[in-house]
Amino acid sequence: MSDSAALPLVDLRELRLETAHALVDQASGLATALLREGPCRYLQGLIDGLCELSLKDPLTGLANRRHFRAVLEGEIDRVTRSGEAALLLMLDIDHFKQVNDTHGHAVGDLVLQSVARTLAGCVRPMDTLARYGGEEFAVVLPSCQATFGRVVAERIRLAIANTPIRISPTEELHITVSIGGAFALQWIRSTTLLWTDRADHQLYLAKAAGRNRLSIEAQPDSTVSAEEKSLLFGSLNMPPAWEDPPQEDVPGSVN
């Protein structure tokens, strides 16, 4: 059976696409242009555009929490299978409530956008940046060893602290962040909730220690020692309990 026989043709005039068109056009300006490419390309373009919008934070353009959770799930799967290191960083803007209370929420939005841009300049293309909620951000760093992870976290902290945010022709704000980090459990099936809770705990420690600093949990050692391997697998080389052990040949004995 051909595809045309299996799927009935849809008349776009029967669909209520006004809202979808407006959302995609506002975000990318492509919806109107797609109309000139035929109904199939137009409808596919709307679907792709809506999917992209559903995974992005509208203010900063970073991944939203839905996308962040999906990335964490995938990273847990990868680390469980491969044993490679992966680091989750949780960042919180220090004293952000004071920014909103003193300067208003419009300035607060400028601060969030500036922090997002600075973050984007500090990480690799393979890393995932997300706005976790409010003034909190998250960074997922796959294939990240402990030394590299601490270097990246410190680079982020310094970059944000050294990037003034102009909020008027005569005024700048200087923002700092606290950062907490936790590594995925290698070779062990964990959960996204456990991983984020561990990173959040480190973030709490960084804030409790005075803010504008980082606290990263020591990378868990999930390797198996030679002694543990012997205990785990040594019994595989032993004869079954119901078999007599082999007898050594004794001179003069009769076999």
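The values are calculated or read from the model by the stated rules, or taken from the named source; none is laboratory data. Just so it is clear, the structure is predicted and the values come from calculations on it, not from any experiment. Because the Cβ atoms are built from the backbone with ideal geometry, glycine has one as well, and the counts that use them run over all protein chains shown.
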- Among the residues of segment 16-34, how many are loosely packed, with under 14 Cβ neighbours inside 10 Å, at pLDDT below 80 and over 18 Å from Leu55 (Cβ atoms)? 3
- Item | Number of the exception - Ser114 against (1) closer than 30 Å to Gln186 by Cβ; (2) of a type in the set (S, T, N, Q); (3) surrounded by 15 or more Cβ atoms within 10 Å (Cβ to Cβ) | (1)
- Message: at negative phi and within 20 Å of the chain's Cα centre (by Cα): which single residue out of Thr176, Thr170, Thr192, Thr163 fits that description?
- Response: Thr192
- Query: Only one of these conditions is not met by Ser222: (1) under 23 Å from Leu55 (Cα atoms); (2) touching a Phe, Trp or Tyr at 6+ places or on another chain (Cβ under 7 Å); (3) modelled with pLDDT under 95. Which number is it?
  - Reply: (1)
- Filter result for Arg166 (without any contact (Cβ under 8 Å) to a residue 24 or more places away in the chain, part of a strand (DSSP E or B) and over 19 Å from Gly83 (Cα atoms)): yes
- Query: Quick one: which of Leu203, Leu231 is outside any strand (DSSP E or B) and modelled with pLDDT of 95 or more?
  - Reply: Leu203
- Note on the structure: Filtering segment 81-134 down to residues that are among the hydrophobic types (A, V, I, L, M, F, W, C) and touching a Lys or Arg at 6+ places or on another chain (Cβ under 6 Å) yields Cys122
- Do we find a residue being touching a residue at least 12 places away in the same chain (Cβ under 8 Å), under 20 Å from Ala218 (Cβ atoms) and not basic (Lys, Arg) anywhere in segment 169-179? yes
- Return yes or no: is Ala208 modelled with pLDDT of 90 or more, closer than 20 Å to Val151 by Cβ and in the same structural domain as Asp94 (by TED's automatic domain parsing)? no
- In this structure, is Val71 without any contact (Cβ under 8 Å) to a residue 60 or more places away in the chain and surrounded by 13 or more Cβ atoms within 10 Å (Cβ to Cβ)? no
- Task: Check whether at least one residue in segment 44-64 is acidic (Asp, Glu), under 32 Å from the mean Cα position of the chain (by Cα), farther than 23 Å from Phe137 by Cα and not assigned by TED's automatic domain parsing to the domain that holds Lys207, and report yes or no.
- Result: yes
- Message: I'm checking my understanding of the structure. Among residues of segment 172-200 that are in a helix (DSSP H, G or I) and in contact with a helix residue (DSSP H, G or I) (Cβ under 9 Å, 6 or more places away or on another chain), which one is surrounded by the fewest Cβ atoms within 10 Å (Cβ to Cβ)?
- Response: Thr192
- Query: Of the residues that make up segment 61-81, is at least one touching a strand residue (DSSP E or B) at 6+ places or on another chain (Cβ under 8 Å), of a type outside the set (S, T, N, Q) and assigned to a loop (DSSP other than H, G, I, E, B)?
  - Reply: yes
